[in-house]
1. Which order do the peptides 42-51, 181-190 come out in when sorted by mean C-beta neighbours inside 10 angstrom, highest first?
2. Relative to the longest principal axis of the C-alpha atoms of the chain, give the angle of the C-alpha long axis of helix 58-70, reported between 0 and 90° and rounded to the nearest 10°.
3. Between P151, P63, P89, find the one with the highest GNM mean-square fluctuation for the chain; connect C-alpha pairs within less than 10 Å.
4. Just for segment 1-152, what percent of DSSP beta bridges are antiparallel, to the closest 5?
5. Among DSSP beta bridges whose residues both lie in the chain, state the antiparallel percentage, nearest 5.
6. Given labels modelled 7 Å from the Cα in the Cβ direction, how far is it in nm from K136 to V239?
7. Using the heavy atoms of the protein chains alone and a 1.4 angstrom probe, what is the accessible area of the chain per residue in square angstrom?
8. Report the net charge of residues surrounding D80, where surrounding means a beta-carbon distance below 15 angstrom and charges are Lys +1, Arg +1, Asp -1, Glu -1.
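The values are calculated or read from the model by the stated rules, or taken from the named source; none is laboratory data. On a predicted model such as this, the values are computed, not experimentally measured, just so you know. We place every Cβ from the backbone using ideal geometry, glycine too, and count neighbours over all the protein chains shown. The area values use the complete protein model at the heavy-atom level, side chains included, leaving out ligands, DNA and RNA. Shrake-Rupley method; radii C 1.70, N 1.55, O 1.52, S 1.80 Å.
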Amino acid sequence: MLYIVATPIGNLDEISRRALDVLGSVDVIAAEDTRHTAVLLNRYEIKTRVIAHHKFNERTSAPGIIELLESGKDVALVSDAGMPTVSDPGHILIDEVIKRGLDFTVVSGACAAIDALVLSGLDTRSFTVLGFLPEKATDRKKFVAPYKAVPSSLVFYSAVHDIKKDLRFLYEEFGARRVAVCREMTKLYETVTRGVLGDDLDVTEKGEFVIVIAGAAQPDFSSLTVEEHLLSAVAAGEVLRDAIKSVAAERHVAKSEVYAVAVKLKADGRLKDE
């Protein structure tokens, strides 16, 4: 069995009993940074053998882990902090495990993106985790372009040497949206700076960061009647049948209700037959 084990993102006390049991009982732990993981293991007196599995060697180390699993060994995969594969190594190994029909499971725990989303105070009902921005400016623009109109909260990771640059870039691309910058979460000097992109945010350039920005503002249809909303959609170029679907979805009402309005508008001559 391969265990995908979440580890603390800061405070070492934030680890589950199950995670400790797994780390202590598996045959091998595959770690993003063996020295970093050693700190956690030493804290809990876990003596399991540790091997390196990081972004620079995961293609070459994955076959060895597969061999261990196929020989009947149990392996735990951990990253430096949080949930492996979320902006951390692991996807290549999991893809191969699935191809081989081997078993794997997740041992729940911390994820920096989730912690930051809750701390941000922004909408948690729908969100997109985008991880680290690309280094090159042209790649950055292409990367964020599909998300400019997305209404869900957007979550980015940022390193200490990139935080100011990343905030400037996000303002240039997304405008003056609400933002929360979360630093050193669960640690002694945890801070959350809330404000608006483009403002002079007081962000201490130390530690690891997660940036959460508000999703794109959506039109407010609450002031429109169903008739006005439907006529507006048709005037904007939507085919009537599509307009009925979109108006129903946006107002969270049954399509039959909007269809009945369409029938009345057609009978009054205010809408043409398709």
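1. The densest-packed peptide leads the list: 181-190, 42-51.
2. 70
3. Looking only at P151, P63, P89, the largest GNM fluctuation is found for P63.
4. Restricted to segment 1-152, the bridges split so that about 5 percent are antiparallel.
5. If I count the DSSP bridges inside the chain, around 45 percent turn out antiparallel.
6. 4.0
7. Accessible area per residue, the chain: 55 Å².
8. -3
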